[in-house]
Amino acid sequence: MAQLVNLQVDDAIQSLIKTAELVAQYGGDEQKNIEKFGKMLEQLICIKNDAKKADKAFELSKDKETIAEYDKTFSHELSKQPKCKPKSTDEYKRVMEEIGTLLSMNMEVVASGSTSVVQDDDFEMEIEISDIDPLTKRRMTHPVKNSICGHYYDKSTILESIKVNPRLRCPIAGCGNNQFVQKAHLVEDPVFRMKLQRRNEMNENN
Ligand SMILES: [Zn+2]
């Protein structure tokens, strides 16, 4: 059961990040309240945690012969398990960092070819933003980042490619990452998606 719950809650967490992305772009200060996002995230993480606890308690009580024994063992095992502390999980820290970055992004992304100038009040820097998928040479619709080397690929093409060739290495020329690309290396990067989106909007307006 926990597996199913996990999938659904993971979807909900992605939606929460997506919401932060939208709020950062279109929302007012009232909506940019990171504490509200934190509270929702805590609840979501605890739902997963509860499902895991119930699974564990079920495993330990499923062989009991009577319903009464089962009930007793189940609630006993459930109560023995530690309380959910969502804020101390890696997932909480990682997602909140993402949301925090999104909410604080008030910078102008100005496009100029494949490099963009990001301007903030305090700094100006050039960053490389390319939305071209290295495998298909098409514009990426859903970029994901290789967490090992930081390169981006389109989610569907990279997943398809590693299915066909599990010994595929990062296709970016000169990349020092020697590991075969694995699904576990691929992470969502909503900040990058937002930068691309902003740049594309600017290009359309020009
Ligand atoms: Zn790479």
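Whether any residue in the range 196-203 is within 16 Å of the ligand (Cβ to nearest atom), part of a helix (DSSP H, G or I) and open to solvent by 50 Å² or more (accessible area, probe 1.4 Å) is what I want to check. Checking the range 196-203: not a single residue is within 16 Å of the ligand (Cβ to nearest atom), part of a helix (DSSP H, G or I) and open to solvent by 50 Å² or more (accessible area, probe 1.4 Å). Pick from the range 164-176 the residues that are within 19 Å of Arg138 (Cβ to Cβ) and open to solvent by 80 Å² or more (accessible area, probe 1.4 Å): which of them is nearest to the ligand (Cβ to nearest atom)? Per the stated criteria, the residue is Ala173.
To keep it simple, each residue is scored yes or no on (1) among the basic types (Lys, Arg); (2) open to solvent by less than 90 Å² (accessible area, probe 1.4 Å).
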{"residue": "Leu22", "(1), (2)": "no, yes"}
{"residue": "Gly28", "(1), (2)": "no, yes"}
{"residue": "Ile34", "(1), (2)": "no, yes"}
{"residue": "Phe37", "(1), (2)": "no, yes"}
{"residue": "Gln43", "(1), (2)": "no, no"}
{"residue": "Leu60", "(1), (2)": "no, no"}
{"residue": "Glu65", "(1), (2)": "no, no"}
{"residue": "Lys72", "(1), (2)": "yes, no"}
{"residue": "Gln81", "(1), (2)": "no, yes"}
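(1) open to solvent by 60 Å² or more (accessible area, probe 1.4 Å); (2) under 17 Å from Met1 (Cβ atoms); (3) within 28 Å of the chain's Cα centre (by Cα): which one isn't true of Asp55, the others all being true? Of (1) open to solvent by 60 Å² or more (accessible area, probe 1.4 Å); (2) under 17 Å from Met1 (Cβ atoms); (3) within 28 Å of the chain's Cα centre (by Cα), only one is false for Asp55: (1).
Taking the range 153-163 as the range and being hydroxyl-bearing (Ser, Thr, Tyr) and open to solvent by less than 50 Å² (accessible area, probe 1.4 Å) as the test, the residues that pass are Tyr153, Thr157, Ser161.
Please go through the range 133-147 and pick out each residue that is assigned to a loop (DSSP other than H, G, I, E, B) and open to solvent by 80 Å² or more (accessible area, probe 1.4 Å). Spell out how you get there, then give the answer.
As a first pass, look at the range 133-147 and keep what is assigned to a loop (DSSP other than H, G, I, E, B): 133-138, 140-142, 147.
Scanning the range 133-147 gives Lys137, Arg138, Thr141.
Lys80: of a type in the set (D, E, K, R) and either touching a residue at least 12 places away in the same chain (Cβ under 8 Å) or not assigned by TED's automatic domain parsing to the domain that holds Asp11 (or both), yes or no?
On the way: of a type in the set (D, E, K, R): yes; either touching a residue at least 12 places away in the same chain (Cβ under 8 Å) or not assigned by TED's automatic domain parsing to the domain that holds Asp11 (or both): no.
Against the criterion (of a type in the set (D, E, K, R) and either touching a residue at least 12 places away in the same chain (Cβ under 8 Å) or not assigned by TED's automatic domain parsing to the domain that holds Asp11 (or both)), Lys80 does not qualify.
The values are calculated or read from the model by the stated rules, or taken from the named source; none is laboratory data. Since this is a predicted model, take the numbers as computed values, not measurements. Note that each Cβ is placed from the backbone with ideal geometry, even for glycine, and that neighbours are counted across all protein chains shown. Keep in mind that these areas ignore ligands, DNA and RNA; they rest on the heavy atoms of the full protein, side chains included. Shrake-Rupley method; radii C 1.70, N 1.55, O 1.52, S 1.80 Å.
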